[in-house]
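To start, the structure itself, in structure tokens.
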Amino acid sequence: MKSTKQTPEVKAIAGKLKRHFGKTLENATREELYKASAMCIRDEVVDKWTAANAAVEKKGLKKVYYMSAEFLMGRAYINNLVNLGLLERYKTAFANLGLDVEEVASQERDAGLGNGGLGRLAACFLESLATLDLPAMGCGIRYEYGLFKQRIIDGEQVEMEDNWLEDGCVWEIERPDEEVEVHFGGEIVETWTDHKMKAEHKNYYTVMAVPYDMPVVGYKSRCPATLRLWSARAKDRFDLKSFNSGDYMQAMQEREAAEVISKVLYPDDSHEQGKQLRLKQFYFMTSATMQNLVRTHKERHGDLHSLPNYVAVQINDTHPTLAMPELMRILMDEENYTWEEAYNIVSRMFNYTNHTIMAEALECWEEGMFKTLLPRIYSIVQELNQRYCEKLNRYYPGDMDRISNMAIVAYGQIRMANLCVAVARRVNGVSQLHGAILKNDLFADSYKIYPQKYLAITNGITHRRWLAVANPALTKLMTETIGDGFIKDYRQFDKLMEYTEDEAFLEKFAAVKQQNKQRLADYLLKKQGIEVNVNSIFDVQAKRLHEYKRQLLKCLHILYLYNSLQQNPDAVTTPITFFFAAKAAPGYARAKSIIRLINTIGELVNNDPATKGKLQVVFIENYEVSSAEVLIPATDISEQLSTAGLEASGTGNMKFMMNGAVTIGTMDGANVEIYDQVGPENIYIFGANVKEIKTMQTYKTYRPGEYFEKNLDVRAALDRLIDGTLPGVSAHRFSDLYQSLLFGDYDGADKYFVLHDLPSYIGKFARAYKKYCTDPKGWQKMAAINTAKSGVFSSDRTITEYNDKIWKLEKLK
Ligand SMILES: *Cc1c(COP(=O)(O)O)cnc(C)c1O
């Protein structure tokens, strides 16, 4: 390591190395260099953060609490540098040390406290809130273990623990002075005093909630957001009484039982299970957040009636629903408010974002378990239900079917989405299509009573992380072409439209893509020892593994191409690399089989002389934010294949579009709005739309067997699953998948309509492929138009809409 020029950053890093590690620039490890430099960056962030927090308090600005069980933050280092405007200085500093800043930054572990889109949305929102100078706090759980790390061994997914805090986290600050008690179990004793019923909670057990705060810096702005994550601790951690009485094991067991609450993130996506520990986690974070919010407001304003003027709460899906009855409990039991007063406050403060309409993903809790764990919350939920049903009975007199459909408690289940719809002030969908489905379908009966409650706000992604951080080459080209104003102002993306016919620009745009393909190839060689052809088309499907996302459709398509090449060697000219990246929930057997199938198809096509060099299938291990940042900018074709009506929005689709990939997709979620932006000539749409799917469901007209019988290509592709030609597996290995496509699970048809959409997909892919091969300039123009039209999918636009329509916060000036 050569140590030449001592820039201020180099000096500061050297100082931290000396004080914290007793090391010099010459003998520090890369890990120590990462930590020392991150501490320097943190100092800058914290200055800004404390100043902003003081200013927000002084001016008495309203704040949004964005509550979410998941925050998929990824790494913070480069993002903080970009947003503070310090990247060039740190680049120079490390260059002086003979190092690359990206290399140092890659020492950071991903904060992977989320499963997928829902958790990443929360992360993008905090960054946009900070950039827009809107006062905000994200509230969640400080899971000690994030989403599992995925390895592929012999073609199968193997899960490993994600001990992300092992070496400490530079960005978090513990706030022991703000810890609160959370109470579980016990029973409720009701007494009458002053003509009022008083509920007293007895014989409960206590878990301590300790907050850890992390600043989230915005781009060239004043008001960093705070991510507050609660960690569970045993009360009386060092309970001398138990230790001294020789009950050491008892004391340790109790400690373990309390601390397990924030131990691990549930690795489940769109498939909720009513597990007791999960309910404990959700009550833990919501109770801690509500107690903290009440305490803070009382300190500042004394009276809690004004709470809705100073606080808006957004709940990200139903996981934080219990915040509503919990705040009712605090107001009534601890602050002596009447039911009506408490309800009035709560129903003006809370807003609910729905993320799915799939029945199996709508959260329900078994009444008995709920009552045992949370007796007081249970009685409040019962009362909410009773009053709500009385109200419903006035709108739908005697219509018991409708009322029991909408009830919060019914058939021994507590239904969180219904609770949200009953109490929240606003209920929003996450794309225009999804918002319409909420009104017309899932919550239609409620919509008729409260039409003003419902709105649709299309999701977004922060273009700082997904463009400025992930794709520096494209950011540089855009800056040279239209200036750097687009980084702060998403509306300026559109200025690129002027250049989409400019040959010199398109050539540079193509060169950027090529550079990013090389970057991905280098990454894969290093991480997985896989070589890929950078002169092939990069076709990517990256998202959680789920039947509704239809990775199986892509598998059948590859088998179709494989079959075509057996007959006609010219069926594929320009080679294609098919990338998959997807984690499956560990308990979702069929999803895991699909991973095995992808890898098996890879073994087949990557080695067969007829397809080798023409088709390659690559499974990228451990899809997470930091791998997405390398994969997405390298993509030519973005695969968005969900069954129409089932992907509420999608955000991966937006990331790919912004980075100049062309989408092949269904008319689902935000794909519809991508289509509206780029126009029919710059996207490949296939398959049944929502209306057609609905018709097939209503009249039960979908017969997968007919596609199998009539379409020889479909049949030949499907037969590969069971005819014994797949290498390394028995002929039965994929018979469950085969059956699921032909017969579904119970009523004789696949719920996801894979075979229905396959012929249409094959046709559209062929069109896209031909365009890429025969008209490269035309392709680059399409890709550039996709980037130019992606500004509207910035989460800055999304957050502005939430603020204008729901929160009504004032910016910190
Ligand atoms: C954006 C993102 C997702 C969501 O992808 P979808 O295609 O919208 O499902 C999931 N995982 C990671 C790591 C992401 O960055």
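Please treat every number below as a calculation from the coordinates, not as lab data. As the structure is a prediction and not an experimental result, all values here were calculated from the model. As a convention, Cβ positions derive from the backbone with ideal geometry for all residues, glycine included, and neighbour counts pool all protein chains shown.
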Based only on other Cβ atoms within 10 Å, what is the fewest-to-most ordering of S735, S790? S735, S790
Calculated from backbone phi, Karplus (6.51, -1.76, 1.60) coupling profile of region 20-37 in Hz, x at Gly/Pro: 9, 10, x, 10, 10, 4, 6, 10, 6, 7, 4, 4, 5, 5, 4, 5, 4, 6
Amide H proximity to W164 below 5 Å, modelled H, separation 5+ or other chain, gives G146
Counting other beta carbons within 10 Å of each Cβ, put F708, F284 in order, fewest first. F708, F284
Using modelled backbone amide H atoms (1.01 Å from N, in-plane), which distant-in-sequence or interchain residues come within less than 5 Å of T663's amide H? S638, Y684
Convert 20 °C to kelvin, take the viscosity as 1.002 mPa s, use the Kirkwood radius over C-alpha pairs of region 520-671 as Rh, and evaluate the Stokes-Einstein diffusion coefficient in µm²/s, rounded to a whole number. 136
Rounded to whole Hz, the Karplus (6.51, -1.76, 1.60) HN-Hα couplings of region 138-154, x for glycine and proline: x, 10, x, 10, 8, 4, 6, 10, x, 4, 3, 8, 9, 10, 10, 10, 6
Calculate the all-directions average of the projected area of region 692-813's alpha-carbon convex hull, and give it in nm². 14.5
Value at 222 nm in deg cm²/dmol, rounded to 500, when DSSP H runs of n ≥ 4 in the chain each add -39,500 (n - 2.57): -14000 deg cm²/dmol
Pop a pseudo-label 7 angstrom from the Cα along the beta-carbon direction at both K235 and K275 and give the gap in nm to one decimal. 2.6
Have a look at F686, L758, T798 and report the one farthest towards the positive end of the charge dipole of region 662-813, computed about the Cα centre with Cβ charges (Lys/Arg +1, Asp/Glu -1). T798
Listing R394, R426 by rising number of other beta-carbon atoms within 10 angstrom, fewest first, gives R394, R426
Mind putting a number on the dipole of region 242-325 about its Cα centre? Charges go on the C-beta only, +1 for Lys and Arg and -1 for Asp and Glu, and I need it in Debye to the nearest 20. 220
For region 704-775, size of Cβ-based charge dipole, Lys and Arg +1, Asp and Glu -1, in debye: 420
At 7 Å along the Cα-to-beta-carbon direction for both A444 and I722, put a label point, then send me their distance in nm to one decimal. 3.6
How big, on average over all directions, is the shadow cast by the Cα convex hull of region 1-151, in nm²? 10.7
Taking a threshold of 30 Å on the Cα-Cα distance, which of the pairs K781/K811; K235/K808; K391/K811; K495/K583; K710/K770 fall above it? K781/K811; K235/K808; K391/K811; K495/K583
Explain nothing, just the number: relative contact order of region 243-332, from Cα pairs under 8 Å at least 6 residues apart, as a whole percent. 31
27 Å Cα-Cα threshold exceeded, pairs from K35/K526; K439/K813; K91/K527; K549/K777; K59/K805; K448/K805: K439/K813; K549/K777
Apply the Karplus parameterisation 6.51 cos²θ - 1.76 cosθ + 1.60, with θ equal to phi minus 60°, to every residue of region 524-539 and state each ³J(HN,Hα) to the nearest whole Hz, in sequence, with x for glycine and proline. 5, 4, 6, 7, 10, x, 9, 9, 10, 8, 6, 9, 8, 6, 9, 10
Interchain or sequence-distant (5+) residues whose placed amide H lies within less than 5 Å of the amide H of V311 are K63
What are the lysines whose alpha-carbon lies under 18 Å from the alpha-carbon of K700, with same-chain residues fewer than 8 places away excluded? K691, K751
Of the residues Y145, V182, H271, the Cα lying farthest along the dipole of region 141-295 towards its positive end, which is defined by charges on the beta carbon of Lys, Arg, Asp and Glu, belongs to V182
Furthest towards positive pole of dipole, L304, P211, L17, structure part the chain, Cβ charges: L17
For the chain, I need the span (max minus min coordinate) of the C-alpha atoms along each principal axis, in Å, sorted largest to smallest. 88, 77, 59
Binned at 10 Å starting from 0, the alpha-carbon pair-distance distribution of region 273-420 in whole percents comes out as 11, 40, 36, 12, 1
If I take every Cα pair under 8 Å that is 6 or more residues apart in the chain, average their sequence separation and divide by the length, what percent do I get for the relative contact order? 13
Given all pairs of distinct Cα atoms, region 146-277 yields a Kirkwood Rh in Å of 19.0
Given +1 on the Cβ of Lys and Arg, -1 on the Cβ of Asp and Glu, and no further charges, what dipole in debye does the chain carry about its Cα centre, rounded to the nearest 20? 1420
Could you give the length gained by full extension between E340 and D502, i.e. 0.36 nm per residue of separation minus their alpha carbon distance, to one decimal place? 51.9 nm
Trypsin sites (Lys or Arg not before Pro) within region 586-635: which are DSSP loop residues with at most 10 other Cβ atoms inside 10 Å? none
Using Cα positions and a limit of under 22 Å, work out the lysines in reach of K198, with same-chain residues fewer than 8 apart set aside. K298, K371
